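The values are calculated or read from the model by the stated rules, or taken from the named source; none is laboratory data. What you are looking at is a predicted structure, and each value in this text was computed from that prediction instead of being measured. All Cβ positions, glycine included, derive from the backbone under ideal geometry; neighbour counts span all protein chains shown. The protein model used for the area step is the full one, side chains on, heavy atoms only, and it has no ligands, DNA or RNA in it. Shrake-Rupley method; radii C 1.70, N 1.55, O 1.52, S 1.80 Å.
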Amino acid sequence: MSAAAACFRRVPRIRYQLSGLAGIASLKALDERLDDAAELDALADRLSRLTHTIIAAPTELLAVTDPIVAKDVAAIVGALWKNFEAHSTSLVDPRVDKPPREQAWITSTQVNFCAEAHPTVPEDHPDNAALSVLAGILRNAYLHGQLRKRGAYGAVRRTIVPTEVFRFYSYRDPNLMRTFEIFEESVDWILRGDIDFDLVEESILGLIAGVDAPSSPAGEARQAFQNALFGRGPESRRQIRQRILAVGVDDIERVAGEYLNSGCARALITSDDGAAELPGTFVTHRI
């Protein structure tokens with residue numbers, strides 16, 4: 001999923017380069033290079049410089065504690081950090097190139113893993129709510145059954161706080177290109193007008209349950225702290241909730257046609273035998 005989404009958005013592109021498929025390939029190449037002492041020294045120097053850059057960056061502190069000892073904790077934390085001098089500096093800006101629109105990663109596997117990504121909108125866009133509801137409808141009413149009866153698992157992923165990408169996926173999948181055809185057929189199913197409000201309501205209820213789900217006291221504190229860093233206060237949460245509740249059938253059909261009926265990116269993990277079945281448009285890598 002990160003490999004497909006990396007074609008459109010910077011955040012999944014960085015994840016893809018650091019810990020995704022490209023990250024695995026880079027790590028293996030690094031391991032081979034480190035047999036050379038000069039390469040090892042160069043890596044140590046880069047890690048040292050990166051450490052100093054992070055330490056010098058602006059810092060914000062969060063302490064989760066009981067009100068009775070809050071003042072004592074604040075004093076202790078303040079004492080520990082009083083000599084810390086942060087500087088206004090930028091963290092390393094990684095250079096991340098866009099991967100090809102269709103990529104296949106070949107490894108030793110008996111099953112396949114498929115993903116398709118479509119660029120969409122940020123979380124504060126009015127269409128975000130309808131896209132999130134659409135994901136639930138596609139998963140519950142179409143994709144889950146279609147993929148499972150062909151021996152695969154998976155469906156579609158669209159979170160309330162997205163990375164501006166709508167992602168279809170399958171895992172432990174005996175199929176390859178047929179799965180991508182099913183993804184397309186699910187969008188056609190929506191655009192034919194075959195859904196009613198019962199499906200919309202079911203997806204809305206699932207999303208609202210996630211929005212309203214309580215967390216632990218410490219978890220709530222951490223989430224509020226992190227949300228504040230990105231300007232997501234209680235009002236933005238209420239707005240998201242209201243937009244979800246207002247989604248109707250027409251909204252679902254509109255966003256499906258606008259965002260899922262155009263260009264996409266595809267990525268998959270397969271074996272040598274599976275790669276032999278792929279069209280020539282796929283760029284292949286080996287891990």
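At what distance in nm do the modelled label points of Phe84 and Ser236 sit from each other, each positioned 7 Å from its Cα along Cα→Cβ?
Label-label distance for Phe84 and Ser236, simple model: 2.4 nm.
Mind checking the per residue accessible area of the chain for me, 1.4 Å probe, whole number of Å²?
Values: 16630 Å² over 287 residues.
Averaged over the residues of the chain, the accessible area is 58 Å².
Could you pull the Cα extents of the range 223-268 along its three principal axes, largest to smallest, in whole Å?
Principal-axis extents of the Cα atoms in the range 223-268, largest first: 37, 32, 15 Å.
On the first, second and third principal axes, largest extent first, how far apart are the outermost C-alpha atoms of the range 97-186 in Å?
Cα spread of the range 97-186 along its principal axes, largest to smallest: 41, 37, 19 Å.
For Val249 and Glu277 in the same chain, what is the full-extension length gain: residue separation times 0.36 nm, less their Cα-Cα distance, in nm?
Working: separation 28, 0.36 × 28 = 10.08 nm, distance 3.82 nm.
Extending this stretch completely gives an extra 6.3 nm.
Roughly how many debye, to the nearest 20, is the charge dipole of the range 226-283 about its Cα centre, given +1 on each Lys and Arg Cβ, -1 on each Asp and Glu Cβ, and no other charges? Spell out each step's value before the answer.
Numbers: 7 positive and 8 negative charges, 125 e Å.
My answer is approximately 600 debye.
Which lysines, on any chain, are close to Lys71 with Cα under 23 Å apart, when same-chain ones fewer than 8 places away are left out?
Cα-Cα hits under 23 Å: Lys82.
Net charge near Asp212: determine it from the other residues with C-beta under 15 Å of the C-beta of Asp212, scoring Lys and Arg +1 and Asp and Glu -1. Each step should come with its number before you reach the end.
On the way: positive: Arg237, Arg238, Arg241, Arg243; negative: Glu220.
Residues near Asp212 contribute +3 overall.
For the range 1-62, what is the charge dipole size about the Cα centre, in debye to the nearest 20, if Lys and Arg each add +1 at the Cβ and Asp and Glu each add -1 at the Cβ? Before the final figure, lay out the partial values.
Details: 8 positive and 8 negative charges, 111 e Å.
Here the range 1-62 has a charge dipole of around 540 debye.
Sequence-distant or interchain residues sharing an amide H contact under 5 Å with Trp105, placed H: which?
Leu268, Ile269, Thr270, His285
Label the range 176-241 by shape, choosing from rounded, prolate and oblate, from the square roots a ≥ b ≥ c of the eigenvalues of the Cα gyration tensor; if a/c is under 1.5 it is rounded, and otherwise prolate applies when a/b is larger than b/c, oblate when it is not.
Numbers: a/c = 2.91, a/b = 2.12, b/c = 1.37.
Cα axes put the range 176-241 in the prolate bin.
Over the range 9-52, how many percent of alpha carbon pairs lie in each 10 Å bin up to the one with the longest distance?
Bins of 10 Å from zero give 27, 39, 32, 3 percent of pairs.
Using only DSSP helix segments of four residues or longer, with each worth -39500 (n - 2.57), what per-residue ellipticity at 222 nm results for the chain after dividing by its residue count and rounding to 500? Display every interim value, and only then the final one.
On the way: 13 runs with 145 residues, N = 287.
So the helix-based figure for the chain works out to -15500 deg cm²/dmol.
Working out 0.36 nm times the residue gap between Val77 and Asn140, then minus their Cα-Cα distance, what length gain in nm do you get to one decimal? Mind showing how you got there, number by number?
Numbers: separation 63, 0.36 × 63 = 22.68 nm, distance 4.79 nm.
The Val77-Asn140 span can extend by a further 17.9 nm.
Using a simple charge model, +1 on the beta-carbon of Lys and Arg, -1 on the beta-carbon of Asp and Glu, nothing else, what dipole does the chain show about its Cα centre, in debye to the nearest 20? Each step should come with its number before you reach the end.
Numbers: 32 positive and 39 negative charges, 64 e Å.
Computed charge dipole of the chain: roughly 300 debye.
If I compute solvent accessible area with a 1.4 Å probe over the protein chains, what percent of it on the range 6-63 is carbon and sulfur? Spell out each step's value before the answer.
Working: 2310 of 4000 Å².
Reported share for carbon and sulfur atoms: 58 percent.
Could you tell me what % of all Cα pairs in the chain have separations over 26 Å? Don't skip to the answer; put the middle values down first.
On the way: 23535 of 41041 pairs.
Roughly 57 percent, rounded to a whole number.
Accessible area, 1.4 Å probe, largest first: how do Trp81, Trp105 sort?
Values: Trp81 105, Trp105 10 Å².
My answer, sorted largest first, is Trp81, Trp105.
Let me have the relative contact order for the chain, percent, based on Cα pairs under 8 Å that are six or more residues apart. Please list the in-between numbers first.
On the way: 387 pairs, mean separation 86.1, N = 287.
With pairs under 8 Å counted, the relative contact order is 30 percent.
Run the quick spin-label model on Arg150 and Leu18: label points 7 Å from Cα toward the beta carbon, then report their separation in nm to one decimal.
In this crude label model, Arg150 to Leu18 measures out at 3.4 nm.
Shape call for the range 244-287 from the C-alpha gyration tensor, a ≥ b ≥ c root eigenvalues: rounded (a/c under 1.5), prolate (a/b greater than b/c) or oblate?
Because a/c hits 1.5 or more and a/b exceeds b/c, the range 244-287 counts as prolate.
Between Arg222 and Asp188, 0.36 nm times their residue separation minus their Cα-Cα distance comes to what?
Numbers: separation 34, 0.36 × 34 = 12.24 nm, distance 4.11 nm.
In short, 8.1 nm is gained.
Taking all protein chains together and a probe of 1.4 Å, list Thr109, Thr284 from the most accessible to the least accessible.
Thr284, Thr109
With a 1.4 Å probe and every protein chain kept in, tell me what percent of the accessible surface of the range 161-245 is carbon plus sulfur. Spell out each step's value before the answer.
Working: 2490 of 4830 Å².
Roughly 52 percent, rounded to a whole number.
Show Arg286, Arg254, Arg232, Arg95 ordered by accessible area, largest first, where the area counts protein heavy atoms only and the probe is 1.4 Å.
Numbers: Arg286 150, Arg254 100, Arg232 70, Arg95 225 Å².
Per-residue accessible area, sorted high to low, gives Arg95, Arg286, Arg254, Arg232.
Ratio of alpha-carbon Rg to the 2.2 N^0.38 Å globular estimate for the range 139-287, to two decimals, please. If you can, show how the numbers build up before the last one.
Numbers: Rg = 18.6 Å, N = 149, 2.2 N^0.38 = 14.7 Å.
Cα-based Rg divided by the globular estimate yields 1.26.
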